[in-house]
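Encoded as structure tokens, the structure appears first; notes follow it.
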Amino acid sequence: MTRNSNSRVNQWQPPARPEWLQRVNEEGSYLDIKSVVPLDEASLIGHAKANTGLSDFGDNNWYEPFQLFLKSLEEESQLTLMGRIMTRSDLLMYLEGRLQVEEAYKQHPEIDAVELAPPMLIIGSGRSGTSALQNLLSLDPDNGTPKHWEAMFPCPPPVATTYHTDPRIAIADKRMTQWNRVTPEIMSMHEFGGEMPTELIQLEMLSFQAPGWMIFCGFTPGFDAWMYPRSGVPGLAYAKRIMKLLQWKNPRKRWLLKSPDSMRYMPDVFHVFPNMQLIWMHRDPLKTVSSVVSLIGTIHWMRSDRKMDERATAQLTNPAGLAGLFGMVMDQLDQGKVPEKQLSSVQYQDLITDPIATVEKLYRHMGISLTDAGRAAMQAYVRDNPRDARPSHQYTTGSAEQLVEERKLFERYQARFNVKSEF
């Protein structure tokens, strides 16, 4: 690790909070907020059972991670009053969701026999254009991508005839856009909404083994250190269980997934999804790592008074950590642990320069036909949603000397995938 490898984290400064939120959190500082908004196991599980009238959480491999996560939240996250309220609400929602998923399988065991539609998975470093590609590909009627509302409220299973009018969409939208109201800066970094595509790790959240999504609940380096070396199979397997349920009454021709976090455990992805088509988004890694620092810091600040430190998702915010992650995946490709024949690459610069041509090239590589309906929907989206319609995301890139030193870390990656430097 280079001496200044995490200087961006040290230099990052949290944004000013909206006045209303500052007042709420200040008032909360005078209260015993841990008692007022409890995050203990008994309270959360008890309320989830009471709210649903259910008690079966299925297999027990979620329980230890859940316990350790709660411990880490209380000891490390320094949540504000609003942060505790939001996190308690999230944890209850996912506990209740798991109870309801298990009940659905108990009442309808035929769900387990559903043959999952062929999946595609978009990977890449954070801020490399993975969301932009997912949003674009999700417009193809042949691609089914999980939406925030489905991940938040998977039961009752969505039905094709009411999929776009389901009342859960509006509820999920209010919850997801609350992030924008609490931390307006997040709008310049990522678009959230009830009907927006979400990441595979939000489905994994119901296993409580998805640290990439759990960071939204609070900064938990102790839990992350315990979780990161462990297998990704349990979380992925539970996500697959939910996908079968979501597909049961709303058939999909293909599944479109996104998860930069899954780069930590790529062989596990192919263990759970052997026919997965992998799409790796490529962008200058020094550009992406600078942007990710700002994003992760803002996510933590949304709910906590604790400023981000150097342990915050180091494989994304630390150039040496990110280079190590890329190197590990390239080694797995070379060793055959990740099947290179199932990998397609997309350059960020190509995507923003000519999105439709880039999709057509990607589809040809994967042996997929872009239908007229899919092309028309994508063209309309590109026309109606220019990137400059959203606020510009501002972040620090680092000194010239630092960039030269860090550039060396990515020589193998940039050479292998012909990734151009942006500065």
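Structure notes:
- All helices (runs of 4 or more DSSP H) inside region 217-317 with 2 or more residues being under 23 Å from residue 92 (Cα atoms) and in contact (Cβ under 8 Å) with a residue 60 or more places away in the chain: 221-227, 233-248, 285-303
- Residues located in region 147-163, provided they are more than 20 Å from residue 135 (Cβ to Cβ) and either within 17 Å of the chain's Cα centre (by Cα) or not small (Gly, Ala, Ser) (or both): 153, 154, 155, 156, 157, 159, 161, 162
- Residue 303 vs. criteria within 22 Å of the chain's Cα centre (by Cα), surrounded by 22 or more Cβ atoms within 10 Å (Cβ to Cβ) and over 24 Å from residue 132 (Cβ atoms): yes
- Residue ID - farthest from residue 269 (Cα to Cα), chosen from residues in region 333-376 that are of a type in the set (Gly, Ala, Ser) and crowded, with 16+ Cβ neighbours inside 10 Å: 374
- Selected residue [outside any strand (DSSP E or B), of a type outside the set (Lys, Arg) and under 19 Å from the mean Cα position of the chain (by Cα)] from 140, 166, 112, 90: 90
- In region 349-376, the residues that are over 20 Å from residue 276 (Cβ atoms) and free of Cβ contacts under 8 Å to residues at least 24 places away in the same chain reach residues that are among the small types (Gly, Ala, Ser) and assigned to a helix (DSSP H, G or I) with C-beta atoms within less than 8 angstrom, at least six apart or across chains, in these pairs: 350/357.
- Hey, residue 272 among the β-branched types (Val, Ile, Thr) and buried (at least 21 other Cβ atoms within 10 Å of the Cβ) or not: no
- Any hit, region 176-193, residues being closer than 24 Å to residue 105 by Cα, not in a helix (DSSP H, G or I) and not basic (Lys, Arg): no
- The residue list 54, 68, 91 contains one member that is surrounded by 20 or more Cβ atoms within 10 Å (Cβ to Cβ) and modelled with pLDDT of 95 or more, which is 91.
The values are calculated or read from the model by the stated rules, or taken from the named source; none is laboratory data. Just so it is clear, the model here is predicted, and its values are computed rather than measured. Using ideal geometry, Cβ is built from the backbone for each residue, glycine included, and neighbour counts are taken over all protein chains shown.
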